[in-house]
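> Below is the structure I would like to discuss, written out as structure tokens.
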Amino acid sequence: MLDPGTTLANMSRWEDVLSLAPVQIMNNRVAVAARLVLVCIGIIALVCTSAWATTLDDVRERGFLICGANAALPGFAEQDANGRWSGFDVDLCRAIAAAIFGNPDMIEFRPLRGESRFAPLQTGDLDVMMRDGPWTQKRDSVFGVRYVATSFFDGQAFMVPQSLGAVSAYELDNISICVLDGGDEQSQLQDFSFQIKPVTPRYCTRMWQIWASPTGRGCARGFRHRPGNCKRFAAACPIRPIIASCPSAFPKSLLGPVVRNGDDQWFKIVQWTLFALINAEEVGITSLNTDSLSAARTQTVRRILGTEGDFGTPLGLSPTFMKDAIQAVGNYGELYDRNFGPQTGAALLRGQNALWSNGGQMYAPPIR
């Protein structure tokens with residue numbers, strides 16, 4: 001019932017208010033629904049993040065690092081008859097284990113097949129992958145993984161019979177090239193044929209078919225990994241091949257550790273372990289002098305060894321994590337020499353993998 005004092009004008013205003021009420025109620029409901037959606041999205045994002053952002057905790061709780069590698073890539077990663085692993089990539093994995101546990105042996109290696117190399121990383125069955133999968137836009141964007149940094153600059157080379165007398169890829173005239181069908185080498189060989197010198201590809205489905213070429217002449221194979229592969233396989237190849245290298249810049253092939261998306265802390269741990277090894281070579285820190293250099297006055301040396309500043313705690317690691325990694329496997333130069341030096345029987349000049357200060361491209365951001 002209306003108050004006796006209510007005027008016609010007042011009644012008109014009340015009608016206006018009542019007519020707006022359903023709209024306001026609807027707007028409120030929309031706003032509430034929107035807030036609920038945002039809350040749900042936040043919860044889902046939090047759950048997803050927590051599922052992937054605890055790699056360091058998972059590794060510590062497990063008690064060892066799980067590293068995926070190629071079990072038959074000379075110079076980079078090999079597993080002998082007794083199950084022992086060795087190689088450049090293996091040493092990098094051991095450095096990460098040392099950075100976390102102070103012990104490079106707290107690690108398990110798992111062999112990976114090329115066609116499914118990223119799957120175990122995506123599912124969490126691996127902590128880090130060190131394998132011959134060159135850094136490309138597709139691999140860095142499609143598979144839910146991140147390339148951490150470049151640990152090795154590579155190119156492509158060919159194996160040819162000694163009877164050809166070729167010492168350079170420019171000399172490969174009217175020659176057929178054996179190459180794995182569907183592999184990275186196939187597209188690289190096509191680029192080489194188009195941009196540098198025409199060649200005729202002969203596609204093989206298995207590696208042994210390349211080495212067991214019935215002719216023994218005029219058949220070579222394009223390699224992504226020029227160093228250990230070519231020279232070490234050459235020693236056992238029945239046709240006694242020699243190496244004829246392509247120009248070092250063709251095609252460019254950047255190799256390095258890979259981690260899954262979603263864990264920035266873990267990304268930084270792997271990244272700065274590698275950077276520590278490179279920086280250590282720059283300032284002369286080796287696996288043998290870390291203790292004797294602890295009293296050094298050079299700030300960069302002291303930072304790397306953990307005697308000045310604390311660069312480990314922000315990563316969830318010990319302040320001496322870089323020193324621990326270097327003591328375990330050596331600096332970058334030591335890794336390279338151990339796996340590609342003269343004592344391997346297949347010495348490879350460092351080339352692009354020399355430090356930037358020595359004419360190469362290997363460098364790391366400063367530690368400060």
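> Out of all the residues in the range 324-343, is one or more over 24 Å from A77 (Cα atoms), touching a Ser or Thr at 6+ places or on another chain (Cβ under 7 Å) and part of a helix (DSSP H, G or I)? Outline the logic, then answer.
Kept after step one, since they are over 24 Å from A77 (Cα atoms), are these residues of the range 324-343: none.
No; the residues of the range 324-343 include none that is over 24 Å from A77 (Cα atoms), touching a Ser or Thr at 6+ places or on another chain (Cβ under 7 Å) and part of a helix (DSSP H, G or I).
> So W272 clears everything in (1) at pLDDT 95 or above; (2) touching a helix residue (DSSP H, G or I) at 6+ places or on another chain (Cβ under 6 Å) except one condition, right? Which one?
Of (1) at pLDDT 95 or above; (2) touching a helix residue (DSSP H, G or I) at 6+ places or on another chain (Cβ under 6 Å), only one is false for W272: (2).
> In the range 42-90, which residues are more than 25 Å from D154 (Cα to Cα), crowded, with 20+ Cβ neighbours inside 10 Å and either at pLDDT below 95 or not hydrophobic (A, V, I, L, M, F, W, C) (or both)?
Result: T55, single match.
> Does V329 qualify as being farther than 18 Å from P104 by Cα and at pLDDT 95 or above?
Values: farther than 18 Å from P104 by Cα: no; at pLDDT 95 or above: yes.
No: the conditions fail for V329.
> When you go through S287, S357, S318 one by one, which is the residue that is more than 18 Å from M130 (Cα to Cα), more than 20 Å from the chain's Cα centre (by Cα) and part of a helix (DSSP H, G or I)? Don't jump to the end; show me each part of the working.
On the way: S287 fails: part of a helix (DSSP H, G or I); S318 fails: part of a helix (DSSP H, G or I).
When all the criteria are applied, what remains is S357.
> May I pose another question? Out of curiosity, is F118 modelled with pLDDT under 95 and either surrounded by 14 or more Cβ atoms within 10 Å (Cβ to Cβ) or on the phi > 0 side of the Ramachandran plot (or both)?
On the way: modelled with pLDDT under 95: yes; either surrounded by 14 or more Cβ atoms within 10 Å (Cβ to Cβ) or on the phi > 0 side of the Ramachandran plot (or both): yes.
Judged against the criteria, F118 is a match.
> Any idea which of D132, D140 is of a type in the set (D, E) and part of a loop (DSSP other than H, G, I, E, B)?
Working: D140 fails: part of a loop (DSSP other than H, G, I, E, B).
Exactly one of D132, D140 is of a type in the set (D, E) and part of a loop (DSSP other than H, G, I, E, B), namely D132.
> Then there is this: Taking the residues in the range 91-102 that are in contact with a helix residue (DSSP H, G or I) (Cβ under 7 Å, 6 or more places away or on another chain) and not β-branched (V, I, T) as candidates, determine which candidate is surrounded by the fewest Cβ atoms within 10 Å (Cβ to Cβ). Steps first, answer last, please.
Start the filter on the range 91-102 by keeping residues that are in contact with a helix residue (DSSP H, G or I) (Cβ under 7 Å, 6 or more places away or on another chain), which leaves 91-92, 94-96, 98-100, 102.
Then drop every residue that is not not β-branched (V, I, T), which leaves 91-92, 94-95, 98-99, 102.
Working: D91: 24, L92: 27, R94: 23, A95: 27, A98: 25, A99: 28, G102: 17.
Checking each candidate, the answer is G102.
> Next question, about the same structure. Could you tell me which residue of the range 150-208 is modelled with the highest pLDDT, considering only residues that are part of a helix (DSSP H, G or I) and of a type in the set (A, V, I, L, M)? Walk me through how you get there before you give the answer.
Our first condition is that a residue be part of a helix (DSSP H, G or I); within the range 150-208, this holds for 162-164, 169-171, 184-195, 207-208.
Still in the list and also of a type in the set (A, V, I, L, M): 164, 169, 189, 207.
Numbers: L164: 69, A169: 72, L189: 75, M207: 58.
This residue is L189.
> Can we say A149 is of a type in the set (A, V, I, L, M, F, W, C), in the same structural domain as D324 (by TED's automatic domain parsing) and either surrounded by fewer than 23 Cβ atoms within 10 Å (Cβ to Cβ) or under 30 Å from K197 (Cα atoms) (or both)?
Numbers: of a type in the set (A, V, I, L, M, F, W, C): yes; in the same structural domain as D324 (by TED's automatic domain parsing): yes; either surrounded by fewer than 23 Cβ atoms within 10 Å (Cβ to Cβ) or under 30 Å from K197 (Cα atoms) (or both): yes.
Taking the combined requirement at face value, the residue satisfies it.
Okay, residues lined up against (1) over 20 Å from C67 (Cβ atoms); (2) of a type in the set (F, W, Y); (3) at pLDDT 95 or above:
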site: K252; (1), (2), (3): yes, no, no
site: L277; (1), (2), (3): no, no, yes
site: R302; (1), (2), (3): yes, no, yes
site: L305; (1), (2), (3): yes, no, yes
site: F321; (1), (2), (3): no, yes, yes
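The values are calculated or read from the model by the stated rules, or taken from the named source; none is laboratory data. The shown structure was predicted, so the numbers you read here are calculated from the model rather than taken from an experiment. Heads up, the Cβs are rebuilt from the backbone with ideal geometry, glycines too, and the neighbour counts pull from every protein chain shown.
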